[in-house]
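These notes are about the structure you will find just below.
The values are calculated or read from the model by the stated rules, or taken from the named source; none is laboratory data. All of these numbers come straight from a predicted model, not from anything done at the bench. Cβ atoms come from the backbone with ideal geometry, glycine included; neighbour counts cover every protein chain shown. Heads up: the accessible areas ignore ligands, DNA and RNA and are worked out on the full protein's heavy atoms, side chains in. Shrake-Rupley method; radii C 1.70, N 1.55, O 1.52, S 1.80 Å.
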Amino acid sequence: PRVRAEGGSAMSGSEQLAPSNPKEKALWDAFQKFDVNNDGKIQQDEFQKLMKSLGSFSAKEISRLFKEADSDSSGTVDWREFIKWICSGAATKTMSADSAASFARLLTRETRDEACFAEQTAGNKQLIAHLKETHQDKSEAEKARDLKRKQLQAKKKATPAEPQAAAKVPENNLDIGDAYTGFRLPLPVTPEGARGLLQHYLMNGDSDPLHPKYVNYLTTQFTQLYRARHPKPVVYTDTPKPGRIIVVGDTHGQLADVCHILYHLGTPTSQNKFLFNGDMVDRGAYGVEVLLILFAFFLSDSECIIIHRGNHENEDMNALDADAGGGFVDEVMRKYGLMAYRRFVSAFKVLSLCSVVEKEIFVVHGGLSRVASMSIDYLNSIDHTEVTAPHPMAVDIKDQVFSDLVWSDPTDQNGKFKSDRGIGIKFGQDITTKFCMQNRLRFVIRSHQVPEDGRGYMKQHEGRCVTIFSASNYCGDGGNYGAVLVLDSQHFPKYEIIEHYAVPLEDMPKMLKMGNGGVTGAKEKQKAVSELATTAKRWERELEKMIIGVIERKPALWAHLVDMSLGNTLMINDWRDLMSEFIEGNHPWPDGAKHWGLVDPQGKIDVGRFLGRWVVNMESDKYSSFLNSAVKHVYEAVVGLDMDLNKTLALFDADGDGTVDVKEVRQVLGMFDLGLTSSQLDRLTGQIFRQASKVARDNGDNEAHVRMNVQEFLGHFTVVYKQASGGAGPELSDFAKEALNAIGGLMMRTPADQLISDMEKAAVKIQKCFRGVSVRKDQKDQKKQG
């Protein structure tokens with residue numbers, strides 16, 4: 001009988017056949033993967049396309065398998081033929097071990113087009129089990145996975161059934177002798193003990209380290225208990241009633257910020273719950289102390305704190321130097337050694353990836369994923385405990401989603417884009433809106449980046465994406481505020497953002513009067529000091545960003561000046577528009593120009609002098625060696641050219657109007673095979689024309705920055721070359737000197753008696769400069785003898 005959907009409309013051929021038997025449902029899911037057009041039959045091209053994507057089957061083998069499945073030789077495989085083919089064992093009977101394993105993975109492996117959680121149901125697992133039963137020859141990879149699974153199961157059996165029992169270890173069992181004079185942590189850890197550890201670190205930093213056995217205890221117990229309390233990557237939590245949840249962003253080993261937050265907002269309790277949103281380590285000097293404080297509070301009350309994984313709770317990031325964004329490996333090795341770091345890594349592997357508060361607010365370290373129609377249930381199916389972070393080049397969809405959660409950033413442009421970080425994506429407002437609507441969420445809270453305006457928070461995507469960053473004065477020179485986000489149960493889902501600027505750790509005890517965890521410090525004084533420090537640091541940081549932008553975009557700026565023949569000076573407004581067009585970010589360029597003293601009394605800026613203001617000194621011997629070798633090659637290539645000077649110099653006046661501009665100079669240099677990149681030629685052109693026009697202006701020609709008489713240019717070019725060769729005058733860069741030497745070498749090749757053009761006088765000047773009178777005399781003597 002024909003089945004009809006509600007409302008009387010006919011259902012598709014595939015929908016008609018959908019089985020109700022749970023066991024058959026597993027096979028049905030597999031059948032639908034083949035049946036792309038949903039007509040209830042597997043076409044031969046559908047079968048070939050899917051099997052070919054596995055990479056383990058030849059075209060001949062695929063054709064043979066389809067014929068086996070197509071038992072009635074109709075050219076298609078219907079549902080009954082398919083289930084018979086699978087359940088009889090014929091599907092894998094003639095396959096090799098690798099092919100059978102690949103075919104089994106087809107039933108669960110996701111592609112970019114099928115990242116739907118429904119395809120990871122228990123039915124698929126049942127089908128894999130059936131295939132394994134009918135094909136006993138397992139690949140080495142499968143055997144290794146089986147062994148690992150058995151080891152994990154044995155480990156779980158060895159774990160006490162009651163998680164809290166593991167924490168009840170008397171202090172004397174740690175065998176910490178009387179010789180240890182540091183902080184004694186009561187065991188099992190109590191809220192009072194955790195607060196005592198916090199105060200110890202506030203007063204001493206890392207100058208009075210905790211005993212290594214306490215560190216071992218805290219990391220090991222935390223790993224066991226956090227895994228038991230939050231076994232899945234997603235934590236579902238509610239705001240305490242009465243009470244609140246405080247979301248803390250990146251702290252990066254800045255113990256002063258953690259102490260400031262916990263003393264001003266209260267320490268973690270079941271009514272004053274904290275959610276630390278990743279990146280507790282790296283860059284700062286106190287990552288160990290920050291983690292031990294959080295671990296201690298969790299062990300004292302597992303309901304008082306949730307800890308997320310960020311992109312820095314990651315072995316690869318930890319291994320970098322602190323200046324390069326890492327530093328945690330070095331910190332732990334210096335303080336407690338390799339085994340202690342291994343225990344921290346184990347703790348990182350159990351940290352949650354994200355949380356959902358009151359089923360309405362999504363909290364994650366980085367951001368959203370590249371996968372469309374992403375559900376919270378799908379995120380909760382990620383295996384997050386095997387590694388601290390997936391490989392950056394992973395192709396498995398769940399691994400990519402994992403990376404996206406800890407690496408992605410929001411952007412103001414709609415869509416999804418490749419991230420500048422090299423991992424994760426940039427996601428626009430449309431992605432945030434779709435994710436929230438599909439999962440019935442109000443908004444997303446994330447961390448991961450310092451807000452551009454120097455505040456501790458940033459709202460984007462019409463308020464649906466809120467960034468919270470808690471490390472104030474980031475890395476000691478950021479000049480930014482830190483902030484936390486507070487969700488109070490009485491006002492939920494409304495939230496409060498509280499900003500701060502933590503004083504240095506050594507000054508913090510003076511700012512706080514401690515009593516029962518409360519704080520009655522001189523808040524107004526601290527705020528004033530913080531604002532002054534922030535303003536100064538922020539301006540210093542802004543200037544640094546503008547300078548870096550100029551250095552990075554200098555070739556493009558030179559190229560624009562060359563292409564547009566703008567000359568060497570611009571009015572300040574034109575200069576501002578130029579900088580804003582080529583350098584990203586909303587920077588205060590007029591303020592920067594005044595700070596650097598660029599504007600002359602007429603309101604003009606010498607662009608050439610400005611662009612030459614900052615250079616990058618390369619200190620690497622290997623890189624310097626490479627440059628020297630390249631310059632040597634360029635010089636030899638230019639000298640090896642056998643080109644007449646008359647023809648060479650005539651090229652400067654391309655349009656024949658008797659004048660030369662910066663664009664024509666660039667065209668001439670571009671005709672030589674100098675081995676220089678386009679941007680290097682633009683820089684060389686700019687420097688040559690800037691110096692030549694300066695010589696002309698010194699001689700009274702105020703329009704020389706736009707166009708110059710070609711003969712005058714060649715004469716001034718002689719002066720420029722002389723300066724580059726060690727004569728008097730402003731110094732060119734080493735790059736320009738070497739390139740000019742190469743061009744001069746080319747000119748030296750032309751005999752004097754071939755100088756028969758209108759530019760003869762200028763050319764003679766050049767030859768005298770390059771060759772010298774004695775060289776000319778020797779050449780004449782050689783001609784007489786010949």
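Values as computed for the structure displayed
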| item | result |
| --- | --- |
| Accessible solvent surface per residue of the stretch 190-246, calculated while the other protein chains remain in place, 1.4 angstrom probe, Å² | 41 Å² |
| Spin-label model distance (nm) - residue 324 vs residue 339, 7 Å beyond Cα toward Cβ | 2.9 nm |
| Lys/Arg +1, Asp/Glu -1 at C-beta; the stretch 345-488 dipole; positive extreme among 361, 447, 415 | 415 |
| Where labels lie 7 Å past Cα in the beta-carbon direction, separation of residue 358 and residue 438 in nm | 2.5 nm |
| Most to least accessible of 349, 60 (protein chains only, probe 1.4 Å) | 60, 349 |
| Over 12 Å [Cα-Cα, the stretch 367-415], rounded percent | 64 percent |
| Per DSSP, loop GluC sites (Glu not before Pro) in the stretch 417-504 with at most 16 further Cβ within 10 Å | 452, 462 |
| Computed lengthening from residue 560 to residue 301, 0.36 nm per intervening residue step minus Cα-Cα distance | 87.0 nm |
| Charge tally in the Cβ shell below 11 Å around residue 71, where Lys, Arg are +1 and Asp, Glu are -1, residue 71 excluded | -2 |
| Candidates per chymotrypsin sites (Phe, Trp or Tyr not before Pro) in the stretch 231-322, loop by DSSP, up to 13 other Cβ within 10 Å | none |
| Selected from 432, 461, 381, residue furthest toward positive end of dipole (the stretch 333-473; charges at beta carbon) | 381 |
| Extension gain, residue 452 back to residue 190 (0.36 nm per residue minus Cα-Cα distance, nm) | 90.3 nm |
| Local electrostatic count at residue 207 - Lys and Arg +1, Asp and Glu -1, tallied over other residues with Cβ under 14 Å | -2 |
| Estimated FRET transfer efficiency (residue 232, residue 536; beta-carbon r; R0 60 Å; 0.05) | 0.85 |
| Unsatisfied cross-links (Cα-Cα over 22 Å) in the set 273/434; 41/67; 349/426; 232/494; 349/459 | 273/434; 349/426; 232/494; 349/459 |
| Antiparallel DSSP beta bridges within the stretch 213-365, percent to nearest 5 | 25 percent |
| Solvent accessible area, Å² - residue 220, 1.4 Å probe, full protein context | 50 Å² |
| Accessible area of residue 203 in the full protein assembly, 1.4 Å probe (Å², nearest 10) | 110 Å² |
| Carbon + sulfur, % of accessible area of the stretch 292-417 - ligands and nucleic acids excluded, 1.4 Å | 49 percent |
